[in-house]
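These notes concern the structure reproduced below.
The values are calculated or read from the model by the stated rules, or taken from the named source; none is laboratory data. No experiment lies behind these values; they were computed from the predicted model shown. As a convention, Cβ positions derive from the backbone with ideal geometry for all residues, glycine included, and neighbour counts pool all protein chains shown.
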Amino acid sequence: MLTPSLLRSLLRGRWTGLAGTFVALCLGAAVLTASALLLTSAGPRVPARYAAAPLLVHTPGVPGDDNAFAENRPWSPETVEALVRALTPVPGVAAAVPDRAFYAQAVVRGRPAGAHEARGWSTAALAPHRLVAGRPPVRAGEVVLDRALGLAPGSPVTLLTAKGPAPYTVSGLTDGPGPYVSDGEAARLGGGMRVIGLLTRPGADPAAVRAAVRRAVLGVVGGSGRVLAGPDRAAAEPAADARTRWIGMQVLTAMALLGGFVSVFVVASTFAFRVT
């Protein structure tokens with residue numbers, strides 16, 4: 001006989017089973033969605049220091065597993081100068097800026113702080129960073145630092161370089177990572193270069209400029225240069241970043257596969273229990 005108490009018990013069991021099934025479906029979908037988002041976000045991205053450059057001329061090859069994530073062979077300073085001379089008069093190109101980089105790190109309160117690569121001041125135009133105090137470096141011994149380091153223009157600072165500690169004077173502050181020195185200082189301390197950033201004129205046709213730049217590069221270095229535009233500029237990321245991203249992708253892929261297996265198993269088991 002179906003009594004009121006037995007009916008309430010049956011209804012309670014039915015809704016409890018439906019709630020459990022719904023929770024299992026939600027958790028499974030959440031795990032799969034999170035895994036997909038992590039894998040999508042782990043893809044290569046354009047380095048921030050080249051974000052303002054529509055075109056990049058890069059040495060051939062991309063750091064990857066096939067070459068043990070070794071940095072590409074840089075161009076010599078003479079080759080870079082020849083490329084700059086060939087690229088500057090290309091129609092639509094406003095400036096060709098070689099990325100001269102060398103090891104340098106500021107010492108703040110007795111400890112190394114901030115970025116560990118210095119560049120010439122002209123390279124700052126390739127990144128969305130601007131001068132917020134002081135003036136650009138124009139002479140040897142002057143440096144522009146990140147304002148987050150807490151130093152004021154005119155302050156003395158020591159830079160750790162490959163040749164040892166060197167005294168500098170803070171000429172200005174920027175809203176992004178430094179240090180930046182004068183272009184002459186960067187040319188003296190920097191070695192070969194792998195990237196030349198190109199700034200284009202307003203209204204220039206990107207496709208036409210890229211084609212003209214490619215012809216100019218072929219005329220100077222032949223196949224020893226690549227022209228990168230748009231998302232392809234992500235190939236200019238440092239080899240260390242590419243290696244870290246590759247390792248992360250292996251871990252994320254394993255986590256996604258494990259999460260997918262657990263989600264399917266839990267949802268299938270819940271449905272099987274509910275059907276039974």
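Here are the numbers for the structure shown:
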{"item": "All positions within the stretch 188-201 that are at pLDDT below 90 and more than 24 Å from the chain's Cα centre (by Cα)", "result": "R188, L189"}
{"item": "Filtered residue count, the stretch 162-179, keeping only those that are modelled with pLDDT under 90 and either over 14 Å from A104 (Cα atoms) or not assigned by TED's automatic domain parsing to the domain that holds R119 (or both)", "result": "2"}
{"item": "Selected residue (criterion: farthest from the chain's Cα centre (by Cα)) from residues of the stretch 123-150 that are surrounded by fewer than 18 Cβ atoms within 10 Å (Cβ to Cβ) and on the phi > 0 side of the Ramachandran plot", "result": "G141"}
{"item": "Cross-chain or 6+ apart pairs with Cβ under 9 Å, the stretch 109-120 first and more than 22 Å from S182 (Cβ to Cβ), then assigned to a loop (DSSP other than H, G, I, E, B)", "result": "R109/G150"}
{"item": "Selection within the stretch 34-59 - part of a loop (DSSP other than H, G, I, E, B) and loosely packed, with under 13 Cβ neighbours inside 10 Å", "result": "G43"}
{"item": "The stretch 94-104, residues that are within 18 Å of A127 (Cβ to Cβ) and assigned to a strand (DSSP E or B)", "result": "A94, A95, A96, V97, P98, A101, F102, A104"}
{"item": "Some residue of the stretch 237-244 being more than 17 Å from E78 (Cα to Cα) and at pLDDT 85 or above", "result": "no"}
{"item": "Hits in the stretch 199-216 (condition: touching a strand residue (DSSP E or B) at 6+ places or on another chain (Cβ under 6 Å) and of a type in the set (A, V, I, L, M))", "result": "L199, V209, V213"}
{"item": "Residues that are of a type in the set (S, T, N, Q) and modelled with pLDDT of 85 or more, drawn from the stretch 60-83", "result": "T79"}
{"item": "Qualifying positions in the stretch 135-161 - in a loop (DSSP other than H, G, I, E, B) and either more than 11 Å from A106 (Cβ to Cβ) or touching a Phe, Trp or Tyr at 6+ places or on another chain (Cβ under 8 Å) (or both)", "result": "R135, P136, P137, V138, R139, A140, G141, A152, P153, G154"}
{"item": "Residue satisfying condition, being without any contact (Cβ under 8 Å) to a residue 60 or more places away in the chain and part of a helix (DSSP H, G or I), within set R215, R274", "result": "R215"}
{"item": "Top-ranked residue of the stretch 67-122 - restricted to ones that are loosely packed, with under 13 Cβ neighbours inside 10 Å and not assigned by TED's automatic domain parsing to the domain that holds A207, ranked as nearest to the chain's Cα centre (by Cα)", "result": "P112"}
